[in-house]
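Colleague: Let me give you the structure first, and then I'll get to my questions.
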There are 2 protein chains.
Amino acid sequence: MPAAEINAYLTHHVPLVRAMNVRVSSFDARGVTLSAPLAPNVNDKGTAFGGALASILSLSGWALCYLLLEERSVEADLVIAESAIQYHKPVHERITAICPMPEVAAVEGFFNSLRDRGKASWVLNAEVKTGGETNVTFRGRYAAIRPGNILP
Amino acid sequence: MPAAEINAYLTHHVPLVRAMNVRVSSFDARGVTLSAPLAPNVNDKGTAFGGALASILSLSGWALCYLLLEERSVEADLVIAESAIQYHKPVHERITAICPMPEVAAVEGFFNSLRDRGKASWVLNAEVKTGGETNVTFRGRYAAIRPGNILP
């Protein structure tokens, strides 16, 4: 089960993932969902800390790439190249970040580039929503690099 | 000493600041510098986790605003409205984030708006540098709101 695997991997390798208690809760054709309790991620106003929101959203795109690579048994290094975040409304409860699966053509394009050029990059959108409202929106550019290749 | 005060405040109120072991190391007319050891902020590749970099950079702008408000004894709530980050090079050592002081005219404009309109917002730049090289660049828009006012 890939979500369990990635949780074990991240919890082991990334101390802040442990501190945030963030977990991939689902991965399917619709995309990936991560969640984390509010308490370890709170700021001085009792709402989610901007850095925690940036972290869980960055991780959501990273997790989507990681899980797609795993699914296709493609070995590649993953990095985030850039990101932009809009904080619309404070988050007062458990944090849930959703990174929707891109269109099939985009996924195929990403993997074709990775196969043909040894590297690929794409922009993923994600958001934090509570009760049907969007609290935070995120766009991140992620690059995947096959062993022996250099960054795009 | 304002840096000591803000460190005590953040360490007390923001669990992730404790987990990251991030501290304001200086604040003067040139701006604010924050730093954090690599170990608690590391990713699966042994370099700084993107979420930790986003957090320390977001905090650097927030700290600059907070310390300016303290210096002038102005009471206001501070929020980050949006941010953009470019990850140029991995960070292999202790993380240092610098948010330079804006021009005098920008600082005066910010405080004039806060006095006259009860709220103000501005864009701050910050970066993570190691050994003279820029690893990560950041732009964040911060808003300050005096008690009794609503968000800009």
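The values are calculated or read from the model by the stated rules, or taken from the named source; none is laboratory data. Bear in mind the structure is a predicted one, so any value in this text is a computation, not a measurement. Here Cβ is always computed from backbone atoms with ideal geometry, including for glycine, and neighbour counts include all displayed protein chains. Ligands, DNA and RNA are excluded from the accessible area calculation, which covers all protein heavy atoms including side chains. Shrake-Rupley method; radii C 1.70, N 1.55, O 1.52, S 1.80 Å.
Colleague: Taking a point 7 Å out from Cα toward Cβ as the label site, list the nm distances between B:His12 and the same residue in every other copy, smallest first.
Modeller: The answer, with the shortest distance listed first, is 4.0 nm.
Colleague: How big is the convex hull of the Cα atoms of the stretch B:8-70, per residue, in Å³?
Modeller: Details: hull volume 5.1 nm³, N = 63.
Cα-based convex hull of the stretch B:8-70, divided per residue, equals 81 Å³.
Colleague: OK, next. Interface size between chain A and chain B, please: total buried accessible area, 1.4 Å probe, rounded to the nearest 100 Å². Please report the intermediate quantities before stating the final value.
Modeller: Details: alone 8010 and 8030 Å², together 13470 Å².
So the buried area, both faces added, is about 2600 Å².
Colleague: Loop-only chymotrypsin sites (Phe, Trp or Tyr not before Pro) in the stretch B:25-83, please: DSSP not H, G, I, E or B, and at most 12 other Cβ atoms within 10 Å.
Modeller: Numbers: sites: B:Phe27, B:Phe49, B:Trp62, B:Tyr66; in loops: B:Phe49.
Within the stretch B:25-83, no chymotrypsin sites (Phe, Trp or Tyr not before Pro) qualify (loop, at most 12 other Cβ atoms within 10 Å).
Colleague: Just name one of A:Leu57, A:Met20, A:Tyr87: the one whose Cα is farthest towards the positive end of the charge dipole of chain A (beta-carbon charges, Lys/Arg +1, Asp/Glu -1).
Modeller: A:Tyr87
Colleague: Further question: Counting only protein heavy atoms and using a 1.4 Å probe, what share of the accessible area of the stretch B:53-142 belongs to carbon plus sulfur, as a whole percent? Can you show the working numbers first?
Modeller: Numbers: 1880 of 3990 Å².
Carbon-and-sulfur percentage of accessible area, whole number: 47.
Colleague: Please enumerate, by chain and number, the lysines with C-alpha under 25 Å from the C-alpha of B:Lys119, excluding those fewer than 8 residues away in the same chain.
Modeller: Those lysines meeting the cut-off are A:Lys45, A:Lys89.
Colleague: Compute the convex hull volume of the Cα atoms of chain B, divide it by the residue count, and report the result per residue in Å³ as a whole number.
Modeller: Details: hull volume 16.4 nm³, N = 152.
Once divided by residue count, the hull of chain B is 108 Å³.
Colleague: Additional query: Which whole number gives the average, over all residues in B:41-53, of C-beta atoms from other chains lying within 10 Å of the residue C-beta? Let's see the in-between values first.
Modeller: Working: counts 4, 4, 9, 10, 5, 1, 1, 0, 10, 11, 16, 7, 5.
Partner Cβ neighbours, averaged per residue: 6.
Colleague: Please report, in debye to the nearest 20, how large the charge dipole of the protein assembly as shown is about its Cα centre when each Lys and Arg carries +1 at its beta carbon and each Asp and Glu carries -1 there.
Modeller: In debye, rounded to 20, the protein assembly as shown gives about 0.
Colleague: Please give the average number of partner chain Cβ atoms lying within 10 Å of the Cβ of each residue in A:75-88, rounded to a whole number.
Modeller: Numbers: counts 0, 0, 2, 2, 6, 8, 5, 7, 7, 6, 9, 5, 9, 2.
Averaged over the peptide's residues, the number is 5.
Colleague: Picking from A:Ala19, A:Ala36, A:Ala76, which is most flexible by a Gaussian network model of chain A using Cα springs under 10 Å?
Modeller: Fluctuation is largest for A:Ala19.
Colleague: Name the residue, out of A:Ala54, A:Ala29, A:Ala120, whose mean-square fluctuation peaks in a Gaussian network model built on chain A with Cα pairs under 10 Å.
Modeller: Judging by the Gaussian network model, the answer is A:Ala29.
Colleague: What are the distances, in nm and sorted shortest first, from the label point of A:Gln86 to the label points of the same position in each other copy, with each label point placed 7 Å from Cα along the Cα-to-Cβ direction?
Modeller: Sorted ascending, the copy-to-copy spacings read 2.2 nm.
Colleague: Could you give the angle, 0 to 90 degrees to the nearest 10, between helix A:104-117's Cα long axis and the longest principal axis of the Cα atoms of chain A?
Modeller: 50 degrees
Colleague: State to the nearest 20 debye the size of the charge dipole of the stretch B:11-152 about its Cα centre, where the only charges are +1 on K and R beta carbons and -1 on D and E beta carbons. If you can, show how the numbers build up before the last one.
Modeller: Numbers: 14 positive and 13 negative charges, 34 e Å.
Dipole size: approximately 160 debye.
Colleague: What is the helix-to-structure angle for B:50-71, meaning the angle in degrees between its Cα long axis and the longest Cα principal axis of chain B, kept from 0 to 90 and rounded to the nearest 10?
Modeller: Approximately 30 degrees, to the nearest 10.
Colleague: Once Rh for the protein assembly as shown is found with the Kirkwood sum over Cα pairs, what is the Stokes-Einstein diffusion coefficient at 20 °C and 1.002 mPa s, in µm²/s?
Modeller: So the translational diffusion coefficient is about 109 µm²/s.
Colleague: Can you tell me the orientation of helix B:2-13 relative to chain B, as the angle in degrees between its alpha-carbon axis and the longest Cα principal axis, to the nearest 10?
Modeller: Taking the Cα atoms of chain B, the angle to B:2-13 is about 80 degrees.
Colleague: Taking the label point as lying 7 angstrom from Cα along the Cα-to-Cβ axis, what are the distances from A:Asn149 to the corresponding position in the remaining copies, in ascending order and in nanometres?
Modeller: 5.0
Colleague: If you keep only loop residues by DSSP, which GluC sites (Glu not before Pro) in the stretch A:8-103 have at most 16 other Cβ atoms within 10 Å of their Cβ? Mind dumping the intermediate values first?
Modeller: Details: sites: A:Glu70, A:Glu71, A:Glu75, A:Glu82, A:Glu93, A:Glu103; in loops: A:Glu75, A:Glu93, A:Glu103.
Hits after loop and neighbour filter: A:Glu75, A:Glu93, A:Glu103.
Colleague: Okay, moving on. Taking each residue of B:14-25 in turn, how many C-beta atoms of other protein chains fall within 10 Å of its C-beta, and what is the average? Walk me through the numbers before you get to the answer.
Modeller: Working: counts 8, 9, 11, 4, 2, 7, 4, 0, 1, 0, 0, 0.
The mean count of partner-chain Cβ atoms within 10 Å per residue comes to 4.
Colleague: Who wins for biggest fluctuation among B:Val91, B:Val104, B:Val128 in a Gaussian network model of chain B, springs between alpha carbons below 10 Å?
Modeller: Of the options given, B:Val104 has the highest mean-square fluctuation.
Colleague: Could you give the distance between the Cα centres of the stretch A:90-127 and the stretch B:1-72, to the whole Å?
Modeller: Cα centroid to Cα centroid, the span is 30 Å.
Colleague: Restricting to DSSP H runs of at least four residues, report the calculated mean residue ellipticity at 222 nm for chain B, -39500 (n - 2.57) per run over all residues, nearest 500 deg cm²/dmol. Write out the running numbers ahead of the final one.
Modeller: Numbers: 4 runs with 54 residues, N = 152.
So the helix-based figure for chain B works out to -11500 deg cm²/dmol.
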